[in-house]
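Participant: Please read through the structure below; I'll follow up with questions.
The values are calculated or read from the model by the stated rules, or taken from the named source; none is laboratory data. In this text the structure is predicted, and so the values were computed from the model without any measurement. Methodologically, a virtual Cβ is constructed for each residue, glycine included, from the backbone with ideal geometry; neighbour enumeration extends over all protein chains shown.
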Amino acid sequence: MCIRLSNNTLAAILAAIAVLSSSAGEKIEKSPLYKDASQPIAVRVNDLLGRMTLDEKIGQTNQRSVAVGMHDLGGWVPQFEQGHIGSIMNVSSPQVADSIQRIMLNKSRLGIPVLIARDVIHGYKTIFPIPLGQAATFNPDIARKGARVAATEASSDGIRWTFAPMLDIARDARWGRIAEGCGEDPYLTGQMGQAMVEGFQGGLAGDPTSLAACAKHFVAYGAAEGGRDYNSTFVPERVLRQTYLPPFRQAIDAGALTIMASFNDNDGIPVSANRHLLTDILRGEWKFPGFVVSDCFAVRELISHGVAADAADASRQTMNAGLDMEMETGHYLETMRGLIENGHVSEARLDSAVAAILYVKFAMGLFEDPFVHTPQSVKYSAEHLAAAKEAALQSAILLKNENNTLPLKPNRINRILLTGPLADARYDQLGTWIFDGEKEHTVTLRHGLDELCRKKGIAMDFVESLKYTRHDNLSGIDAAVTAARNADAIVVAVGEEAIFSGEGHCMASLNLVGRQSELVERLSATGKPVVMVVMAGRPLTIKPEIDRSAAVLYAFHPGTMGGPALADLLLGVTSPSGKTPVTFPLTTGQVPIYYNHNNTGRPANGTEIGLDGIPEDAGNTFLGCTSYYLDAGHKPMYPFGYGLSYGCFEYSDLKLSAGEYGKDQTIKARITVANNGTMDATETVQLYVRDHVASVTRPVKELKQFRRVPLRKGEKQTIEFELPVSELSYIGADLRPRIDSGDFTLFIGGNSETTLSAIFSIK
Ligand code: BGC
């Protein structure tokens, strides 16, 4: 049988064959090794690198920023097409993100996707407590979940790289960026940081909700002299290795794909140009496979630091030190070709930077699919809001509770007055570093408390008194005092506006600003019990206000769901369980102050004489010469790890599995904790160690483990910690880790001042 084809059919078939063969031909061309997802990443990176022109390689090291909220690509299209951009910051629209990636995949020569970056720090739309507040939960699961929620929401707008977590140890609350980190302790910071990395990065390749994490700011930025941002640091290498580097190592071990070099110069060398840190330690010792990005404009700032003459010099120094991607200025794009042609930077060094950047893009699966797949409906979902509320619940710290003023109970309290500048502060409650959080979604303390009071049959009055913390409104204070007369209890919400903390926002005094102190004083003079709620980006020096309050709940900046969470705590739906992630100073002059300080040769012993005890014409040696302040002693207002609850915890029967351990053994420590209070509550049990004799001066105590233990009223539990002796190692004078034989004290308790202890030795 012969089938006759019409001309039209024949034409159609020929056209189809042409398409097939052309796409087959294209396929052969478009399927080089680097596009084969079954190949190991190293093979793909090598293959791709071998195909790139010098300009395409330089393009990968270039990160630019677009105007926030940009809706079309405007003048950027040619730069994308030519492969001149490795990463773009501040795109936050799924349409724009997808069109960028379409250009990269279809129009740029090699089809290398860009990394779309944004600062997603403690939430994207649904805002969680500031990181310092999350650290107060002592609960890595909270941090992991917070980061997961943030990543999911951010990925719905095309973002696939966040500049978080911030792992800077901060011992000086004047530094505004203390809000962004996890406080003063390397162990707590490491645990929370690791959880955040895991939460942000999710399942990576194939997971459209994963964000590459960026552990920042590497390193010692939190030691800025005088607590003033961007200031120089002077941290010796032994202390870097002992205190500042470990959280970064932990983040890298948890898989953090990127690191951000910090702004500071440490002992005269800007970190962005510090080869020892960026190459010897990160690559050589730690085998970090990801890439290092500069901080914003930091390459150019080598000129301001006075160590580079111009952009080319700054690019040369930083690239040779081990910085891989330059943020914002375009200096690498402008100068790198010349630097390579003149032999100031080797092409091999550029190749290693590009290889690290490509590694991250492959690891995230962006070559296979860089497009947005997360629906918009994830933003502010019920699940996300519930997680944010749980984080806020666990992060608030009960600092004081005289006569069990809290919780406010309906049978004792008929009417509450709520007042103060943070009581209905939709924006400030969210805290610093929220580029995308919308205050319209904040549920304030006013709304949360009002709703819960209605349910409980308690009347609530709200008087604004001070509109914001610096508001000078004496008549507002008068109105609050008048309203207080009808109330059985006063809740006054004071603290800091969001703008007082975060980058570049430092304070020389940690006292409450404006008329807030006066507000608390006048309310307290009414004789009604005052419950002070503090929302702030740092620990504040509020001793006078604490003295005037019957109860104090410290919430840092608690985020979108802070209001309902605080209402639950105030009315006793849940017991507070937060613990201080930083030492609370008594007065600003005590900072830097932190629990894990070295012992001095003349430590204070508690018998020190203060200003009031000094007789006139006292002799020069009268005071005894120990390490303290005449006007502020040596103790903080609250130690690290401190926080009360509505339970009443008693610790007993601390027992160790042995009196002596070998260096490869594990110490087992058991403790019984009972809740002898009248409410169910959760206690964070903390284990500290002190090394008695070492080759260098050691901290008086170091946190080694902690565990949150929920205990019903009347319940008692025995908890066992297992601490490998290897975790007692420290950095010796030769900069190497070591463990000495000798005696140690192990402490367990509810804060860093616990004295319940047992002695053991290492043989
Ligand atoms: C900050 C970083 C931030 C970067 C990008 C810098 O000024 O120090 O923490 O990630 O800007 O916004």
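Participant: In this structure, is residue 198 among the acidic types (Asp, Glu) and buried (at least 19 other Cβ atoms within 10 Å of the Cβ)? Talk me through it step by step, then tell me what you get.
Facilitator: On the way: among the acidic types (Asp, Glu): yes; buried (at least 19 other Cβ atoms within 10 Å of the Cβ): yes.
For residue 198, the condition - among the acidic types (Asp, Glu) and buried (at least 19 other Cβ atoms within 10 Å of the Cβ) - is met.
Participant: From the residues in segment 312-337 that are in a loop (DSSP other than H, G, I, E, B) and surrounded by fewer than 21 Cβ atoms within 10 Å (Cβ to Cβ), which one is farthest from the ligand (Cβ to nearest atom)? First the steps, then the outcome.
Facilitator: Narrowing segment 312-337 to residues in a loop (DSSP other than H, G, I, E, B): 322-324, 328-330.
Still in the running and surrounded by fewer than 21 Cβ atoms within 10 Å (Cβ to Cβ): 328, 330.
Values: 328: 8, 330: 15 Å.
The residue in question is 330.
Participant: Take the residues of segment 678-725 that are surrounded by 15 or more Cβ atoms within 10 Å (Cβ to Cβ) and of a type in the set (S, T, N, Q): which is nearest to residue 668 (Cα to Cα)?
Facilitator: Looking at the filtered set, the residue picked out is 705.
Participant: Looking at segment 219-231, is at least one residue crowded, with 24+ Cβ neighbours inside 10 Å, of a type in the set (Ser, Thr, Tyr) and in contact with a helix residue (DSSP H, G or I) (Cβ under 7 Å, 6 or more places away or on another chain)?
Facilitator: For segment 219-231, residues crowded, with 24+ Cβ neighbours inside 10 Å, of a type in the set (Ser, Thr, Tyr) and in contact with a helix residue (DSSP H, G or I) (Cβ under 7 Å, 6 or more places away or on another chain): absent.
Participant: List the number of the failed condition for residue 350; all other conditions in (1) of a type outside the set (Val, Ile, Thr); (2) away from the ligand (no atom under 15 Å from the Cβ); (3) touching a residue at least 40 places away in the same chain (Cβ under 8 Å); (4) in a loop (DSSP other than H, G, I, E, B) hold.
Facilitator: Just one mismatch for residue 350, condition (4).
Participant: Show the residue pairs that are 6+ apart or on different chains and have beta-carbon atoms under 7 Å apart, the first residue being within segment 287-304 and at pLDDT 95 or above, the second being of a type in the set (Ser, Thr, Tyr) and in a loop (DSSP other than H, G, I, E, B).
Facilitator: Partner pairs satisfying both residue conditions: 295/262; 297/329; 299/329; 300/329.
Participant: Follow-up. Under 30 Å from residue 120 (Cα atoms), in a loop (DSSP other than H, G, I, E, B) and at pLDDT 95 or above: which single residue out of 578, 647 fits that description? Give the steps one after another, and end with the answer.
Facilitator: Numbers: 647 fails: under 30 Å from residue 120 (Cα atoms).
Answer to the check: 578.
Participant: Residue check: is residue 99 in contact with a Gly (Cβ under 9 Å, 6 or more places away or on another chain), more than 18 Å from residue 330 (Cα to Cα) and not acidic (Asp, Glu)? Steps first, please.
Facilitator: Working: in contact with a Gly (Cβ under 9 Å, 6 or more places away or on another chain): no; more than 18 Å from residue 330 (Cα to Cα): yes; not acidic (Asp, Glu): yes.
When the stated conditions are applied, residue 99 does not pass them.
Participant: All but one of (1) surrounded by fewer than 15 Cβ atoms within 10 Å (Cβ to Cβ); (2) modelled with pLDDT of 95 or more; (3) of a type in the set (A, V, I, L, M, F, W, C) hold for residue 68; state the number of the condition that does not hold.
Facilitator: All conditions are met except number (2).
Participant: Let me ask something else about it. Would you be able to say whether some residue in segment 290-306 is among the small types (Gly, Ala, Ser), within 16 Å of the ligand (Cβ to nearest atom), buried (at least 24 other Cβ atoms within 10 Å of the Cβ) and within 26 Å of the chain's Cα centre (by Cα)?
Facilitator: yes
Participant: So, one more: All but one of (1) surrounded by fewer than 18 Cβ atoms within 10 Å (Cβ to Cβ); (2) without any contact (Cβ under 8 Å) to a residue 60 or more places away in the chain; (3) farther than 20 Å from residue 247 by Cα hold for residue 736, so report the exception by its number.
Facilitator: If we test residue 736 against (1) surrounded by fewer than 18 Cβ atoms within 10 Å (Cβ to Cβ); (2) without any contact (Cβ under 8 Å) to a residue 60 or more places away in the chain; (3) farther than 20 Å from residue 247 by Cα, just (3) comes out false.
Participant: Checking the conditions here, which among 229, 172, 207 is assigned to a loop (DSSP other than H, G, I, E, B), on the phi < 0 side of the Ramachandran plot and within 16 Å of the ligand (Cβ to nearest atom)?
Facilitator: 229
Participant: Being assigned to a strand (DSSP E or B), over 24 Å from residue 592 (Cα atoms), within 31 Å of the chain's Cα centre (by Cα) and acidic (Asp, Glu) is the requirement here; does residue 683 meet it?
Facilitator: Values: assigned to a strand (DSSP E or B): yes; over 24 Å from residue 592 (Cα atoms): yes; within 31 Å of the chain's Cα centre (by Cα): yes; acidic (Asp, Glu): yes.
Spelling it out, residue 683 is indeed assigned to a strand (DSSP E or B), over 24 Å from residue 592 (Cα atoms), within 31 Å of the chain's Cα centre (by Cα) and acidic (Asp, Glu).
Participant: Filtering segment 257-273 down to residues that are crowded, with 24+ Cβ neighbours inside 10 Å and away from the ligand (no atom under 14 Å from the Cβ), which residue is farthest from residue 287 (Cα to Cα)?
Facilitator: Restricting to residues being crowded, with 24+ Cβ neighbours inside 10 Å and away from the ligand (no atom under 14 Å from the Cβ), the top hit is 273.
Participant: Considering only helices (runs of 4 or more DSSP H) fully contained in segment 449-565, which possess at least 3 residues that are in contact (Cβ under 8 Å) with a residue 60 or more places away in the chain and either crowded, with 19+ Cβ neighbours inside 10 Å or of a type in the set (Val, Ile, Thr) (or both)?
Facilitator: Details: elements: 474-484, 516-524, 543-548.
Correct list: 474-484, 516-524.
Participant: Let me spell it out: the conditions are (1) over 27 Å from the mean Cα position of the chain (by Cα); (2) closer than 23 Å to residue 577 by Cβ; (3) in contact (Cβ under 8 Å) with a residue 40 or more places away in the chain; (4) outside any strand (DSSP E or B), and residue 640 meets all of them except one. Which number is the exception?
Facilitator: Against the list (1) over 27 Å from the mean Cα position of the chain (by Cα); (2) closer than 23 Å to residue 577 by Cβ; (3) in contact (Cβ under 8 Å) with a residue 40 or more places away in the chain; (4) outside any strand (DSSP E or B), residue 640 comes up short only on (1).
Participant: What pairs come out if I take residues in segment 260-276 that are farther than 8 Å from residue 232 by Cα and without any contact (Cβ under 8 Å) to a residue 12 or more places away in the chain and pair them with residues that are part of a helix (DSSP H, G or I) and within 14 Å of the ligand (Cβ to nearest atom) whose C-beta lies under 9 Å away, six or more apart or interchain?
Facilitator: none
Participant: Right, here's the next one. For segment 380-400, state whether one or more residues are modelled with pLDDT of 95 or more, under 30 Å from residue 318 (Cα atoms), in contact with a Phe, Trp or Tyr (Cβ under 9 Å, 6 or more places away or on another chain) and buried (at least 17 other Cβ atoms within 10 Å of the Cβ).
Facilitator: Keep residues of segment 380-400 that are modelled with pLDDT of 95 or more, which gives 380-400.
In the following step, the residues that additionally are under 30 Å from residue 318 (Cα atoms) were identified as none.
No, there is no match, as no residue in segment 380-400 is modelled with pLDDT of 95 or more, under 30 Å from residue 318 (Cα atoms), in contact with a Phe, Trp or Tyr (Cβ under 9 Å, 6 or more places away or on another chain) and buried (at least 17 other Cβ atoms within 10 Å of the Cβ).
Participant: Of the residues in segment 214-226, how many are out of contact with any Lys or Arg (no Cβ under 9 Å at 6 or more places or on another chain), of a type in the set (Gly, Ala, Ser) and more than 12 Å from the ligand (Cβ to nearest atom)? Please lay out each step first, then the result.
Facilitator: Of segment 214-226, the ones out of contact with any Lys or Arg (no Cβ under 9 Å at 6 or more places or on another chain) are 214-216, 218-220, 225.
Going one step further and asking which of them are of a type in the set (Gly, Ala, Ser), we end up with 215, 220.
Filter once more, so that each one left must be more than 12 Å from the ligand (Cβ to nearest atom): 220.
Going through segment 214-226 one residue at a time, the tally reaches 1.
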